[in-house]
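What follows is calculated from the coordinates using simple rules that are stated; it is not laboratory data. Computed from a predicted structure; not experimentally measured. Cβ atoms come from the backbone with ideal geometry, glycine included; neighbour counts cover every protein chain shown.
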Amino acid sequence: MDTIRELWTEFVNKGEASWYHFIAARRGDEILGFGCYGQRALTEGTWDFYWMGVAQNMQGKGIGKLLMEFVKASVKARGGRLLLIETAGKEEFEPTRQFYLRYPGCELEARIRDFYAVGDDLYVFTVRL
Ligand SMILES: CC(C)(COP(=O)(O)OP(=O)(O)OC[C@H]1O[C@@H](n2cnc3c(N)ncnc32)[C@H](O)[C@@H]1OP(=O)(O)O)[C@@H](O)C(=O)NCCC(=O)NCCS
């Protein structure tokens, strides 16, 4: 939370010049979900989708899909061609993995076993734009 708040503040202050880009899904003033993404250093056209979160009571209603669509369009408009998404292998992240596995055009590109901790793998998904 602290990291996200810090990066958010930088984005609000610097706008497009910020390394991290944020989007929010809103209903009026209420934030229902957010996404944070940015260009990967030392690559040509590769971007990271760092974080995405939808309010617990709003999950499963298509907001995650909308955020993905927006990020894809935004990255593509900036010349991006490859979007990377990392997530964890813990049991509690199974619904998150299912979300990415079911998302059209999103592929499980790599899995590094025991990355975060023994028994907690890193999953890398990609979307080609
Ligand atoms: C992962 C997350 C962002 C998905 O957002 P969401 O708004 O709940 O997802 P959507 O409603 O857009 O779902 C899109 C598709 O994924 C599928 N899906 C979503 N949650 C799922 C679940 N728990 N199990 C299986 N499938 C799921 C839906 O069936 C839907 O497919 P459909 O359109 O064919 O029905 C959201 O659940 C979340 O914030 N999770 C907790 C935080 C997190 O894990 N963030 C990602 C960190 S990398």
- Item | Residues satisfying the stated conditions in region 120-129, i.e. buried (at least 16 other Cβ atoms within 10 Å of the Cβ) and in contact with a Phe, Trp or Tyr (Cβ under 7 Å, 6 or more places away or on another chain) | 121, 125
- Item | Looking only at region 2-42, and only at residues there that are hydroxyl-bearing (Ser, Thr, Tyr) and touching a residue at least 24 places away in the same chain (Cβ under 8 Å), the one that is farthest from the ligand (Cβ to nearest atom) | 20
- Query: Does residue 53 fit the bill of being surrounded by 14 or more Cβ atoms within 10 Å (Cβ to Cβ), touching a Lys or Arg at 6+ places or on another chain (Cβ under 6 Å) and either under 19 Å from residue 6 (Cα atoms) or not polar (S, T, N, Q) (or both)?
  - Reply: no
- Message: Tally up the residues in region 102-119 that are surrounded by 10 or more Cβ atoms within 10 Å (Cβ to Cβ) and near the ligand (Cβ under 8 Å from one of its atoms), please.
- Response: 1
- Task: Return the total of residues in region 79-92 being in contact (Cβ under 8 Å) with a residue 12 or more places away in the chain and either surrounded by 15 or more Cβ atoms within 10 Å (Cβ to Cβ) or within 9 Å of the ligand (Cβ to nearest atom) (or both).
- Result: 9
- Query: Do we find that residue 67 is surrounded by 14 or more Cβ atoms within 10 Å (Cβ to Cβ) and away from the ligand (no atom under 11 Å from the Cβ) in this structure?
  - Reply: no
- Taking region 44-63 and keeping residues over 14 Å from residue 31 (Cβ atoms), over 15 Å from the mean Cα position of the chain (by Cα) and more than 8 Å from the ligand (Cβ to nearest atom) leaves 44, 45
- Top-ranked residue in region 1-50 [being under 21 Å from residue 96 (Cβ atoms) and hydroxyl-bearing (Ser, Thr, Tyr); ranked as surrounded by the fewest Cβ atoms within 10 Å (Cβ to Cβ)]: 3
